[in-house]
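A.B. asks: Take a look at the following structure, please.
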Amino acid sequence: MLTIKSLIKYSFIIYVIGVMHLSLDGISIPPKVTWIKYQLIPFHFVYDWYIEAASGSWFLLNSIKLTFYNYLLLLPQGFYLGLLFHVKSKRKALMLVFCTTLCIETSQLLLNITGFGYRTFNVNDLMVNTLGGITGYGGWLLFKKIRAGSAD
């Protein structure tokens, strides 16, 4: 019989597989020669939004949507850090979420360099993913506080 704890563990495994699929999707075999792509300017997406809003391009809504999806990508990880891994320190949660997004972005860059992938390294994804993960951890802290208050 499945317990709540094992359901949470299985949901985490499914979540990790989903993150890998979303972030590393599009691996090409055999490798293709491609340009190495990266974006190292922080908050460049805000500039893109400004330019695209002025031109009335469809790219504006697409860019906002992708930024929101990047925010959502690691939001569950923050919650899992408290729930499943019992992380008690905000600093440790921040470092774990940041290291996760750094691994994702570095993997995308390495796949791009070797010709196996088409995704780019983007410093804005580091910031937005980390913000999402920390929000998820804050959600865990809030959930824990409410649960403790209702137990009294």
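A.B. asks: Which one of these does LEU109 not meet: (1) surrounded by fewer than 21 Cβ atoms within 10 Å (Cβ to Cβ); (2) under 23 Å from LEU7 (Cα atoms)?
C.D. replies: All conditions are met except number (2).
A.B. asks: If I ask for residues that are loosely packed, with under 15 Cβ neighbours inside 10 Å and either under 19 Å from the mean Cα position of the chain (by Cα) or charged (D, E, K, R) (or both), which ones from the range 41-63 would you list?
C.D. replies: Correct list: ILE41, PRO42, PHE43, HIS44, VAL46, ASN62.
A.B. asks: Something else about it: Cβ-Cβ under 7 Å, sequence separation 6+ or interchain: first residue in the range 1-22 and part of a helix (DSSP H, G or I), partner among the aliphatic types (A, V, I, L, M) and modelled with pLDDT of 95 or more. Which pairs?
C.D. replies: Within 7 Å, the pairs are ILE8/LEU83; ILE8/LEU84; LYS9/LEU84; PHE12/LEU84; VAL19/LEU73; LEU22/LEU73.
A.B. asks: Between TYR10, TYR15, TYR50, which is among the aromatic types (Phe, Trp, Tyr), out of contact with any helix residue (DSSP H, G or I) (no Cβ under 8 Å at 6 or more places or on another chain) and modelled with pLDDT of 90 or more? Can you show your working first?
C.D. replies: Details: TYR15 fails: out of contact with any helix residue (DSSP H, G or I) (no Cβ under 8 Å at 6 or more places or on another chain); TYR50 fails: modelled with pLDDT of 90 or more.
Every option except TYR10 fails the conditions.
A.B. asks: Here is a list: ASN129, ASN122. Which entry is of a type outside the set (Val, Ile, Thr), touching a Leu at 6+ places or on another chain (Cβ under 7 Å) and buried (at least 21 other Cβ atoms within 10 Å of the Cβ)? Spell out the reasoning first.
C.D. replies: Numbers: ASN122 fails: touching a Leu at 6+ places or on another chain (Cβ under 7 Å).
Checking each option against the conditions leaves just ASN129.
The values are calculated or read from the model by the stated rules, or taken from the named source; none is laboratory data. Please read these numbers as outputs of a predicted model, since none were measured by experiment. Cβ coordinates were reconstructed from backbone atoms using ideal geometry, including for glycine residues, and neighbour counts include every protein chain displayed.
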